[in-house]
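Take a look at the structure below.
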Ligand code: NI
């Protein structure tokens, strides 16, 4: 079976590269993936899948029906959106949309999703269970997965698989991570409320800027003293506004930031912990505060059995020198975690680095991918899907 999957994928390679370049040159921003979705729906229909459009706003769902001898339903997820970045790769198939670029490899993810459907359709064999392909919008804004889930795409799903391109892993290699893959990412807004006054008479005012400075340094120091260093927390205040004039004491300072963590228990405790620190700094000086802590996406926690399914499939397909066990998670965020509230799943890393030229990080205007990775992704995903019902 593996050699048949590899043969079909190898024959499809030129077509897959064409698909990827088409998507790459026609990028669309989060929530506006109309053309991409129509294109995806067209390819899925041509493979004989049952296709539903406008799921989760601009998402597409394609179902490949199994024989029904196994009731377990497998979902495979890809994301379709691009970023507000002006492409500077100079490639012949560069973005035709000014200021919009597939700089996070979602063009590859979509192509691998389509390629997996094409390969499995060409196998000419009915699988024991159904595969539901999810092409979601708006991953970059961490909204799309939630929209898809709300529209019921996780109903009856027993397991879900996904991949993400990775520019520090060689093209053609697969990165496997057990446990936490990405971080929980929450938004933090703290407003310090003091009392205005003359800059020369601080004792008659409550200086919100000075208190905000104490809050910021206390938060950063307290993280290292009160959290288990093996369970990381990153708190970044990226924006501060406050004050009106050099000689007027500010009555208000607003701080905006992001909070990242890996362990669900740590994540759960963070809002209370932050409030305690802010309160302890403000109270002695008579300042008040408002905290708005908005939950973003949770951490992606890869299921052990499904991670092993991918690892074994990749090992058989490519040999051990093309499979890397990743020792470290990322503190980036990924809305794939929202599906994992409904079924176990796993996401693997697909290496897209070139051996002989500079490679750029995700979200970089020169980010480019080694297209050899597409067949690697398709074979790994299709073979893992095939093996899913053998277990
Ligand atoms: Ni991405």
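The values are calculated or read from the model by the stated rules, or taken from the named source; none is laboratory data. Computed from a predicted model, the values in this text were never measured in an experiment. Backbone-built Cβ (ideal geometry, glycine too); neighbour counts: all protein chains shown.
Here are the numbers for the structure shown:
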quantity	calculated
Filter result for residue 259 (in a helix (DSSP H, G or I), assigned by TED's automatic domain parsing to the domain that holds residue 219, surrounded by 14 or more Cβ atoms within 10 Å (Cβ to Cβ) and touching a strand residue (DSSP E or B) at 6+ places or on another chain (Cβ under 6 Å))	no
Among the residues listed as 74, 44, 65, the single one being out of contact with any helix residue (DSSP H, G or I) (no Cβ under 9 Å at 6 or more places or on another chain) and in contact (Cβ under 8 Å) with a residue 24 or more places away in the chain	65
From the options 119, 108, residue that is more than 20 Å from the chain's Cα centre (by Cα) and assigned by TED's automatic domain parsing to the domain that holds residue 13	119
Set 223, 192: member being in contact (Cβ under 8 Å) with a residue 24 or more places away in the chain, surrounded by 14 or more Cβ atoms within 10 Å (Cβ to Cβ) and assigned by TED's automatic domain parsing to the domain that holds residue 291	192
Extreme residue, farthest from residue 142 (Cα to Cα), among residues of the range 58-86 that are part of a loop (DSSP other than H, G, I, E, B) and either within 16 Å of the ligand (Cβ to nearest atom) or not assigned by TED's automatic domain parsing to the domain that holds residue 166 (or both)	85
Tally of residues being under 17 Å from residue 192 (Cβ atoms) and either free of Cβ contacts under 8 Å to residues at least 12 places away in the same chain or surrounded by fewer than 17 Cβ atoms within 10 Å (Cβ to Cβ) (or both) across the range 244-253	2
Lone unmet requirement of (1) in a loop (DSSP other than H, G, I, E, B); (2) surrounded by 24 or more Cβ atoms within 10 Å (Cβ to Cβ) for residue 91	(2)
Residue 52 being away from the ligand (no atom under 16 Å from the Cβ), in a strand (DSSP E or B) and surrounded by fewer than 17 Cβ atoms within 10 Å (Cβ to Cβ)	yes
Test set (1) surrounded by fewer than 16 Cβ atoms within 10 Å (Cβ to Cβ); (2) in contact (Cβ under 8 Å) with a residue 12 or more places away in the chain; (3) away from the ligand (no atom under 16 Å from the Cβ) - residue 141 fails condition number	(3)
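The rows are residues; the columns are (1) buried (at least 21 other Cβ atoms within 10 Å of the Cβ); (2) farther than 16 Å from residue 159 by Cα; (3) away from the ligand (no atom under 16 Å from the Cβ); (4) in contact (Cβ under 8 Å) with a residue 12 or more places away in the chain.
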residue	(1), (2), (3), (4)
333	yes, yes, no, yes
336	yes, no, no, yes
344	no, no, yes, yes
348	yes, no, no, yes
352	yes, yes, no, yes
356	no, yes, yes, no
360	no, yes, no, yes
367	yes, yes, no, yes
371	no, yes, yes, yes
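Table: residues versus (1) away from the ligand (no atom under 15 Å from the Cβ); (2) in contact (Cβ under 8 Å) with a residue 60 or more places away in the chain; (3) more than 14 Å from the chain's Cα centre (by Cα); (4) within 30 Å of residue 327 (Cβ to Cβ).
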| site | (1), (2), (3), (4) |
| --- | --- |
| 137 | no, yes, no, no |
| 147 | yes, yes, yes, no |
| 150 | yes, yes, yes, no |
| 156 | yes, yes, yes, no |
| 165 | no, yes, no, yes |
| 168 | no, yes, yes, yes |
| 174 | yes, yes, yes, yes |
| 177 | yes, yes, yes, yes |
